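Let me begin by presenting the structure, written as structure tokens, before commenting on it.
No value in this document is a laboratory result; all are computed from the given coordinates. Worth saying up front: this structure is predicted, and the values here are computed from it rather than measured. Glycine also receives a Cβ, built like all others from the backbone with ideal geometry; neighbour counts cover every protein chain displayed.
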Amino acid sequence: MPRANPNSIEIDGLTFHYRVDGPEGAHWLVFSNSLMTDLSLWDDQAAAFGESFRILRYDQRGHGRTGIPAEDCTMERLAADLIGLMDALGIARTHLVGISMGAATCLGAALAQPRRVASLVMADGQAATPTGGAQAWEERIALARTQGMAGLADPTIARWFQPASVETNGEGVRRVAGMIAATPLDGFLRAVRALQRFDFRPGLTALACPALMLAGAADGALPKTLAGLAEAVPDGRFVEIPDAGHLPNIEQPGAFNAALATFLKRGAA
């Protein structure tokens, strides 16, 4: 792969850890990770696309090597973080790819800065907090407070991955479990608030870029939700990844990368 440039930068008083890969002058491709993970969640995608795109990955606030904020997060704040990174790194226009919390982060950025987003990929995420979602997170918050983040790892893995994948993709599953356990408790508690209270649905009809909605076929109601989002935006399409749950980029990286490559071939930034 092209030479990497790991680095950190301060945005609005918080230090963000990020990594840039790929050739200078290539079109930008920015990845945004989920709750309880770090930028290494996208290792397979960086390897697959790093020869053709200038890739930015970063740790969301409170995660990985990025600082922990003093206040609770909002989804608008997470989107502003992404825009701030783009500003600091001189990224005038980019493709955005996000998964779970990162999908909503990218949607918020695309709505806030439409001229700077060439295309949007939302994987296994939503445009608003679902009914019952806030309470479900309260239960997970209580578990984290009593058992620590390591106590969240097993139930989260069971929710995110198909049982067969624990056997067939043990390395990927263990890697994600390690990210969950390593997430700072305070970082989780700050960031999870963004998922409990956000709603970007009013802006969907104004989304200015092509959008790909991706979902693992086994990720509960999300395939239906994301298929609906693809219909709600002006230029959307939906792809379901077979034999995958909440993190298809880990569980089925080949199929995920193929869907992403097909979408990106429509045009560059």
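The stretch 22-104: which GluC sites (Glu not before Pro) are DSSP loop and have at most 14 other beta-carbon atoms within 10 angstrom?
Here the sparse-neighbourhood loop sites are 24, 51, 71.
Starting from the Cα of residue 27, step 7 Å along the direction of its Cβ; do the same at residue 262; then give the gap between the two resulting points in nm.
Label-label distance for residue 27 and residue 262, simple model: 1.7 nm.
What is the distance in Å between the Cα centroid of the stretch 1-80 and that of the stretch 212-263?
21
Rounded, prolate or oblate: which one fits the stretch 132-237, using the alpha carbon gyration tensor with axes a ≥ b ≥ c (rounded when a/c is under 1.5, else prolate when a/b beats b/c, else oblate)?
Details: a/c = 2.46, a/b = 1.46, b/c = 1.68.
Here the stretch 132-237 falls in the oblate category.
Using a ≥ b ≥ c from the Cα gyration tensor of the stretch 147-202 (square roots of the eigenvalues), is it rounded, prolate or oblate, where a/c under 1.5 gives rounded and otherwise the larger of a/b and b/c decides, a/b for prolate?
Values: a/c = 2.84, a/b = 1.51, b/c = 1.89.
Oblate, because a/c is 1.5 or more while a/b does not exceed b/c.
Relative contact order, percent, of the stretch 183-250 when contacts are C-alpha pairs under 8 Å separated by at least 6 residues?
Details: 84 pairs, mean separation 21.9, N = 68.
Reported relative contact order: 32 percent.
When 75, 122, 149 are ordered from fewest to most other Cβ atoms inside 10 Å of their Cβ, what list results?
Details: 75 23, 122 30, 149 19.
Placing the least packed residue first, the sequence is 149, 75, 122.
Sort 73, 209 so the one with the fewest other Cβ atoms within 10 Å of its own Cβ comes first. Could you put the intermediate results ahead of the total?
Numbers: 73 23, 209 20.
Least to most surrounded, the residues fall as 209, 73.
Using a 10 angstrom cutoff on alpha carbons, build the Gaussian network for the chain and name the most mobile of 151, 62, 22.
Maximum fluctuation in the GNM of the chain, among the listed residues, is at 151.
Simple spin-label model, 7 Å along Cα-to-Cβ: residue 112 to residue 71 in nm?
It works out to 1.3 nm between the two label points.
Pull out the extension gain between residue 175 and residue 7, defined as 0.36 nm times the separation in residues minus the alpha carbon to alpha carbon distance; nm, one decimal. Intermediate results must be reported in sequence, preceding the final value.
Details: separation 168, 0.36 × 168 = 60.48 nm, distance 2.20 nm.
Once the chain is fully extended between residue 175 and residue 7, it gains 58.3 nm.
Could you give the size of the charge dipole of the stretch 139-269 about its Cα centre, using +1 on the Cβ of each K and R and -1 on the Cβ of each D and E, expressed in debye and rounded to the nearest 20? Intermediate results must be reported in sequence, preceding the final value.
Values: 13 positive and 12 negative charges, 81 e Å.
The dipole of the stretch 139-269 has a size of about 380 debye.
I need 115, 19 ordered by Cβ neighbour count within 10 Å, fewest first.
115, 19
Run the dipole for the stretch 5-264 about the Cα centre, Lys and Arg Cβ at +1, Asp and Glu Cβ at -1, nothing else charged, and hand back the magnitude in debye, nearest 20.
Numbers: 20 positive and 28 negative charges, 76 e Å.
Computed about the Cα centre, the dipole is about 360 debye.
Which GluC sites (Glu not before Pro) does the stretch 175-267 hold that lie in a coil by DSSP with at most 14 other beta carbons within 10 Å? Before the final figure, lay out the partial values.
Working: sites: 231, 240, 251; in loops: none.
Those that pass, being in a loop and sparsely packed, number zero.
Quick check: from the Cα gyration tensor, does the chain come out rounded (a/c under 1.5), prolate or oblate? Can you show the working numbers first?
Values: a/c = 1.24, a/b = 1.16, b/c = 1.07.
Verdict is rounded for the chain.
So if I average 1/r over every pair of distinct C-alpha atoms in the stretch 198-269 and take the inverse, what Kirkwood radius in Å does that give? Intermediate results must be reported in sequence, preceding the final value.
Details: mean 1/r = 0.0781 Å⁻¹.
Averaging 1/r across every pair of different Cα atoms and inverting gives 12.8 Å.
Considering the options 67, 25, 47, tell which one lies farthest towards the positive end of the dipole of the stretch 25-83, charges being +1 on Lys and Arg and -1 on Asp and Glu at the Cβ, about the Cα centre.
My answer, from the dipole projection, is 25.
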